[in-house]
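Report on the following structure.
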Amino acid sequence: MLQLVRAYIRRSRVFSLFGSRALQTPGYSSPYQPDMSAYSNTLLPQAPDKPNDKPCHVKREHQTSIVPVPIVERIGDLFRRDADGISSFVLLTRTEIDMSVWSYDGSVERERLGKEVIDMFGAVRADLTDKGYWCDFIDPLSGMPFHTSTSTDILTECDEDMTQFSDSLDLVSIGCCRALKHTDWGFNVFVGVLFSDAPASEISASAECARQSLNMVV
């Protein structure tokens, strides 16, 4: 019995010595401790890959173009005039909130951006009408023409014709609803559309002057 106790003590001292040596000697691997380095890549959770796409920091973009032929008749009915040859000016704003679903914060942002668009387009219209051109725009919050009170039609952001005014927009079905999706911003987009028979260069110049006067961030 005494011999067994002595053998147990000697073996404990060996493990103690190896343990202390392993702590004191850099790079030392005890023969009694398995090397887990070969399994580190399979046992430890791996960090997810970072997306390659860089975040887009553009706040706004715009596009001026002749109203496409497929919707000329509809735009004419919307504003009660001949729409052949008139131009559209679309202003796209990147939002902080996803606009494909309703939320209180999203509704607050929508109201704020709607007011900004109405103020800017109102200034553009005043400038163009002073120069003798016709101009009107869509109220982005109701879809109704802002100055053509006799119109009974509306053009909302969920209308498929909205995609005709910008190469960056697509209309996506989400369950029972539809929402506009920007090619870079996703569903974080707010749209305003203005129409005029002025040349595209005149519209763009008036829009830039209005933007600067209202201190709207690009």
When the residues of segment 82-113 are narrowed to those that are among the charged types (D, E, K, R) and open to solvent by less than 60 Å² (accessible area, probe 1.4 Å), which ends up farthest from Asp167 (Cα to Cα)?
Glu109
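Residue by residue, here is whether (1) over 21 Å from Pro70 (Cα atoms); (2) touching a residue at least 24 places away in the same chain (Cβ under 8 Å); (3) over 23 Å from the mean Cα position of the chain (by Cα) holds:
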site: Asp159; (1), (2), (3): no, no, no
site: Phe165; (1), (2), (3): no, yes, no
site: Asp184; (1), (2), (3): yes, yes, no
site: Gly192; (1), (2), (3): no, yes, no
site: Ala210; (1), (2), (3): yes, yes, yes
site: Asn215; (1), (2), (3): yes, no, no
Elements of type strands (runs of 3 or more DSSP E) contained in segment 118-218, each with 1 or more residues being open to solvent by 80 Å² or more (accessible area, probe 1.4 Å)
169-174, 177-182
Taking segment 33-73 as the search range and keeping residues that are part of a helix (DSSP H, G or I) and open to solvent by less than 60 Å² (accessible area, probe 1.4 Å), which one is modelled with the lowest pLDDT?
Ser40
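The values are calculated or read from the model by the stated rules, or taken from the named source; none is laboratory data. Keep in mind that this is a model prediction, so the values were computed, not measured. Please note: Cβ atoms are built from the backbone with ideal geometry, for glycine as well, and neighbour counts cover all protein chains shown. Surface accessibility is based on the protein's heavy atoms, side chains included, excluding ligands, DNA and RNA. Shrake-Rupley method; radii C 1.70, N 1.55, O 1.52, S 1.80 Å.
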